[in-house]
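See below for the structure under consideration.
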Amino acid sequence: MKIWLDGKLVGRHDAKLSVFDHATLYGDGVFEGLRVYGGDVFQAQAHLDRLAYSAQQIRLELPYSLAQLAEAMDECVRVNEISQGYIRLVVTRGVGLLGLNPFNCSKASVFIVADQIELYPEEMYANGMPVIIAKTVRTSPRMLNPKVKSLNYLNSTLAKIEAIDAGVLEALMTNEHGNLAEGTGDNIFIVRDGAVVTPPAEAGILLGITRGVVMHLARKMELGVLEENFTPAELLAADECFLTGTAAEIIAVIKVGQKPLGEGQPGPITKKLQAAFGQFVATGEQVPYNV
Ligand code: PMP
């Protein structure tokens with residue numbers, strides 16, 4: 001495996017960061033996770049635009065242009081002969097002093113890993129997935145803008161640990177107001193009276209690229225598309241529920257804690273969107289990232 005690190009392709013054992021990098025010391029940096037379908041990076045421009053937004057929000061200067069980063073990802077996919085896979089693009093604050101001040105760091109570092117991925121077992125794409133609602137509350141937008149895809153994932157990690165402890169693979173997180181926000185690494189949708197409903201940005205979510213694609217597909221299918229808050233009780237009363245993410249794609253939620261959701265199996269609109277998504281990835285059509 002070759003990893004792109006600050007402009008060079010290196011072997012995995014040579015792909016190293018300094019212990020003085022503020023990514024290591026403080027989780028100071030931003031990243032993207034992208035899919036490769038048929039050798040092409042899916043929604044590359046939207047992911048790069050989100051990366052630029054994240055970097056700007058934390059006052060991190062990207063050391064490469066977005067065009068250079070796009071080329072670097074393509075190179076990584078090519079040399080590793082990835083046809084179906086996943087890319088992790090990470091920008092760290094760079095090497096600095098032990099103190100927190102990010103402006104003592106010399107220059108941001110960038111690395112790109114292209115590899116295989118399987119987030120959830122294949123069987124769950126057909127039959128749906130049980131989840132829990134985590135006790136860990138999603139970071140408030142007043143604490144850390146959740147639209148920034150930063151290297152601080154402990155809030156999600158703690159909810160993920162709750163899920164694993166409960167014997168499921170994913171946890172849904174509520175926000176400080178008691179509304180649903182998102183999963184630990186995916187966005188949430190419910191289906192209600194034939195419309196798809198997903199929490200708005202203000203609920204404290206990452207504006208998922210897959211979320212944007214699914215909203216685009218739902219509109220094309222002439223379904224209602226609403227960005228509205230909903231509570232755990234409203235989630236349980238929904239006809240269907242599914243999660244979206246680059247790694248997860250679209251996966252049905254069939255049980256929340258001990259309670260079955262909808263018919264306890266993937267619903268018809270979820271299945272239609274899964275099929276539409278499968279066809280969409282081959283088109284190369286780009287859905288813009290609107291922050
Ligand atoms: N929310 C969180 C917290 C995430 O980390 C992710 C990405 N893994 C998502 C939502 C889904 O975003 P995307 O569709 O861009 O992968």
Q: Within segment 144-168, track down each residue that is within 19 Å of P121 (Cα to Cα) and within 14 Å of the ligand (Cβ to nearest atom).
A: K160, A163
**Q.** Identity of the residue in segment 151-185, surrounded by 20 or more Cβ atoms within 10 Å (Cβ to Cβ) and of a type in the set (S, T, N, Q), that ends up nearest to I251 (Cα to Cα)
**A.** T184
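For F277, are the conditions met, namely being in contact (Cβ under 8 Å) with a residue 24 or more places away in the chain, in a loop (DSSP other than H, G, I, E, B), assigned by TED's automatic domain parsing to the domain that holds A134 and of a type in the set (F, W, Y)?
no
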Q | Residue match in segment 193-211 (condition: at pLDDT 95 or above, assigned to a helix (DSSP H, G or I) and of a type in the set (S, T, Y)) | A | yes
(Q) Just checking, does segment 57-64 include any residue being among the hydroxyl-bearing types (S, T, Y) and in contact with a strand residue (DSSP E or B) (Cβ under 8 Å, 6 or more places away or on another chain)? (A) yes
Q. Taking segment 29-56 as the region of interest, how many residues are touching a strand residue (DSSP E or B) at 6+ places or on another chain (Cβ under 7 Å) and closer than 14 Å to P102 by Cα?
A. 3
Q) Taking segment 242-261, which residues are more than 12 Å from the ligand (Cβ to nearest atom), surrounded by fewer than 21 Cβ atoms within 10 Å (Cβ to Cβ) and of a type outside the set (S, T, N, Q)? A) K255, V256, G257, K259, P260
Q | Leading residue by the ranking (nearest to the ligand (Cβ to nearest atom)) among those in segment 15-61 that are in a helix (DSSP H, G or I) and of a type in the set (S, T, N, Q) | A | S54
Q. Out of (1) within 21 Å of the chain's Cα centre (by Cα); (2) touching a residue at least 24 places away in the same chain (Cβ under 8 Å); (3) under 20 Å from N290 (Cα atoms), what's the single condition that is false for R59?
A. (1)
Q | Pairs, first touching a residue at least 60 places away in the same chain (Cβ under 8 Å) in segment 225-240, second outside any helix (DSSP H, G or I), C-beta under 7 Å, six or more apart | A | P232/I133; P232/T174; P232/L180; L235/L180; L235/I190; L235/C241; L235/V256
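The values are calculated or read from the model by the stated rules, or taken from the named source; none is laboratory data. From a predicted model like this one, the values you see are computed outputs, not experimental measurements. Cβ atoms come from the backbone with ideal geometry, glycine included; neighbour counts cover every protein chain shown.
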